[in-house]
Structures are given as C-alpha cells and as structure tokens.
Amino acid sequence: MKRKIIAVAAVCALFAAAGCNNNTPAATTTTAAQAEQTTAAAENNTSASAADVISHEDYIKADIDSPVSVETFVQGKQSWWEDNGVGQASFYAQNNPEGGYFLYNMPCTKEEYDKIVPGTKLRVNGFKAEWSGEIEIIDSTYEILGDETFIAAAEDVTALLGKDELIDHQNEFVAFKGMTVEASGDNGEAFLYKWDNSGSDGDDLYFKVSKDGTTYTFTVESYLCDKDSQVYSDIKNLKVGDVVDLEGFLYWYNGANPHITSVKKA
C-alpha cells in the first residue's frame, strides 16, 4: 500500500497519477493558528539546516523527529508534481557501503528535478521520520554538491529474505535472484493492479514470488516506474512458474515491500 494513496484522499485528489496539478490554488485566509504553524515550521527548518552532517550509522541511531543532515547520492527518482504551487518529489539515495535513504516529498522545482539525475550528490537537511516501518527524511531542503557521482551496484540480498537482517538494507538498491513467480489473484493472475486488483493500467503492479517455499509480495511503484517503463511491461508479461532475477529499492511497509525496477528471466 502506498502512502500517496492515503495522502491523495486527504487532499481531494491532489494528482490523478504521477503528473502535475496545474490548477491555480484557491485564495485562502491565514488564521492565527496557521500563522503559528508556519512560524514553527520555519523554526524547525532552521534547526534542520543547522545540523552537522552525520554518517548513515548515526542517522539510523538518531531519534525519530530529530533534525538530520546527510550527504548522499541519488539512485532513483519518483515523478515530480505540484502541491499548492510547491514542486516536490521523492528520491532513493545511497552511500557505499554505508546504506540507503528515502527522501520523501522533498521540495524542488521542475528545473531542479530535471538536474537531479541518478548519481547526483546532495546534502540534505531535514527530519528523520518513520511510517509503517519505513525510515525516511521529511520536511527537507537540499544542496547539489559538486561533480562527484556514484551509482550503486545491486547487492544480492536473496539469502536475507525472511530474516531480521534484511532491514539493515532498507532503501538500498538490491537484487533478488532465482525467484519463482506465483499466482497473485484468485483467478491465477501473475500480477494485480494495486494490492487488491482494484486498479487499471498505470496503477502500481503487485506480484508474488517465492524462494525456498516462502512467498513474498513485490511491487512496481508507478511513480517510480510508470506504465511506459520497461519493467512495467515486463511484469505484465510474466507467467506463473517463471523464474526471474529482480532488482529494485528495498522499501518497507510493515515489512519488506521492494519497489522493483528491473526483471529478467533467470
């Protein structure tokens, strides 16, 4: 399940897919309470900006809601959109061999989003947060750093499936080898549109794969890999019983929920 689905319902269909909302926001009146919240948010951002850069190890140890500052390299980028005139997107980022980060709803212009390609080094100041087991950085600002780049190779974590140690690789670019495609729906489908098959082409794809007798649910997250991407097409062409190698980012939703970016027949 994606948090964006929940968020969309809360703000009355913020965006239909990964695209932009180009409507002009309605005029609003700022109340005293809203002004207080704005001031508090500004103070929080100041605290985050002032934080010293920390290692991934110290980031993991940091308390939830505490300000954090990290330097890391973008590995995957989700589609850009606007919320009340503010551009934002989410990014997977990683240091080697330290670990991965999920930069959630990081404000950036469309021009800046286009500049931030995989490999780009960023300094990110924000707050450590947790949602259903997923550790992320929110309410952030960023700075693009120099010409240094880094692209992570997928780490094979197949042997860690079902083990507590798997979470140590949360948000990293990982690989799962020799996975067998299992039926995902009541009618023997090899994949579902959304987790309950209530969607259609362009929505997330959910599919099941097994290893050593245990079955796991993986996802093609449509904001990360849309319906025109190669992996989206490849998953739709899977058949139950296919043996495949998979790569993607180790997202977490009440347990491992990898966001798959590549699939190949083993």
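Every read-out reported here was derived from the displayed coordinates using simple, explicitly stated rules and does not represent laboratory data. On a predicted model such as this, the values are computed, not experimentally measured, just so you know. As a convention, Cβ positions derive from the backbone with ideal geometry for all residues, glycine included, and neighbour counts pool all protein chains shown.
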R0 of 30 Å, Cβ-Cβ distance S233-K110: FRET efficiency to nearest 0.05: 0.70
Dipole of segment 155-265, positive direction: furthest Cα of N171, L246, H259, with charges on the beta-carbon: L246
Per 0.36 nm of contour for each residue apart, how much would the distance between S132 and D242 grow if the chain were fully extended, relative to their Cα-Cα spacing? 36.5 nm
What is the packing order of peptides 252-264, 53-65, taking the mean over residues of other C-beta atoms within 10 Å and listing the highest first? 252-264, 53-65
Of 115-126, 192-203, ordering from highest average Cβ density within 10 Å down gives 115-126, 192-203
For T149, placing the label point 7 angstrom along Cα-to-beta-carbon and taking segment 66-82, residues whose amide nitrogen sits under 14 Å are 73-76
What fraction of the DSSP beta bridges in segment 52-151 is antiparallel, stated in percent and rounded to the nearest 5? 95 percent
Using only the C-alpha atoms of segment 155-265, find the volume of their convex hull and express it per residue in Å³. 96 Å³
Restraint check, K77/K265; K227/K264; K110/K264; K110/K208; K61/K264; K61/K121, Cα-Cα greater than 27 Å: K110/K264; K110/K208; K61/K264
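So how do F207, F150 line up by other beta-carbon neighbours within 10 Å, fewest first? Don't skip to the end; give the middle numbers.
On the way: F207 27, F150 16.
By the 10 Å Cβ count, ascending, the order reads F150, F207.
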Expressed as a whole-number percentage, the relative contact order of segment 74-177 with C-alpha contacts under 8 angstrom and at least six residues apart is 27 percent
Give, as a single signed number, the net charge of other residues whose beta carbon lies under 11 Å from the beta carbon of N96, with Lys and Arg counted +1 and Asp and Glu -1. -3
